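> Starting off with a structure, shown below.
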Amino acid sequence: MVIVFWSSRVTYEVGGTTYRMPIVLSFVLIGFFIWIAENIATFFGAWQYPNQKEAWTLVHLGKVSSWLLLVIVSFLIVATLKQIKAKPPANINTVPLGKYQ
């Protein structure tokens with residue numbers, strides 16, 4: 001995925017100033033912060049994993065890759081849907097009901 005998105009950038013605005021960031025970095029950061037949120041949630045008992053039954057431990061760092069994949073798939077779905085929505089509707093010749101020949 002790094003190769004596919006290597007030259008892609010995301011732009012965002014903070015306080016009226018526009019910034020650019022490599023989209024791969026944004027995917028990694030979002031996945032990492034979701035992992036942090038997951039650790040906070042398990043620490044406060046929202047749920048627990050089997051290895052946390054005896055005592056709370058950090059969620060394995062390998063979970064970041066799962067969150068990273070979720071972010072990428074979500075991004076691709078939204079981008080595709082936006083592209084479909086931007087297309088003008090196809091001009092389909094329709095026959096009004098009751099007018100079949």
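> Filter segment 5-18 down to residues that are hydrophobic (A, V, I, L, M, F, W, C) and surrounded by 10 or more Cβ atoms within 10 Å (Cβ to Cβ) and give me whichever is modelled with the highest pLDDT.
10
> Of all the residues that make up segment 61-101, how many are among the hydroxyl-bearing types (Ser, Thr, Tyr) and at pLDDT 85 or above?
Of the residues in segment 61-101, 4 are among the hydroxyl-bearing types (Ser, Thr, Tyr) and at pLDDT 85 or above.
> Continuing with the same structure: Looking only at residues that are surrounded by 13 or more Cβ atoms within 10 Å (Cβ to Cβ) and farther than 30 Å from residue 4 by Cβ in segment 23-47, which one is nearest to the chain's Cα centre (by Cα)?
Top of the filtered list is 41.
> What's the number of the only condition in (1) among the charged types (D, E, K, R); (2) farther than 20 Å from residue 2 by Cβ; (3) surrounded by 11 or more Cβ atoms within 10 Å (Cβ to Cβ) that residue 63 fails to meet?
Against the list (1) among the charged types (D, E, K, R); (2) farther than 20 Å from residue 2 by Cβ; (3) surrounded by 11 or more Cβ atoms within 10 Å (Cβ to Cβ), residue 63 comes up short only on (2).
> Condition test on residue 51, is it more than 24 Å from residue 1 (Cα to Cα) and exposed (fewer than 13 other Cβ atoms within 10 Å of the Cβ)?
When the stated conditions are applied, residue 51 passes them.
The values are calculated or read from the model by the stated rules, or taken from the named source; none is laboratory data. Everything numeric here is computed off the predicted structure, so don't read it as measured data. Please note: Cβ atoms are built from the backbone with ideal geometry, for glycine as well, and neighbour counts cover all protein chains shown.
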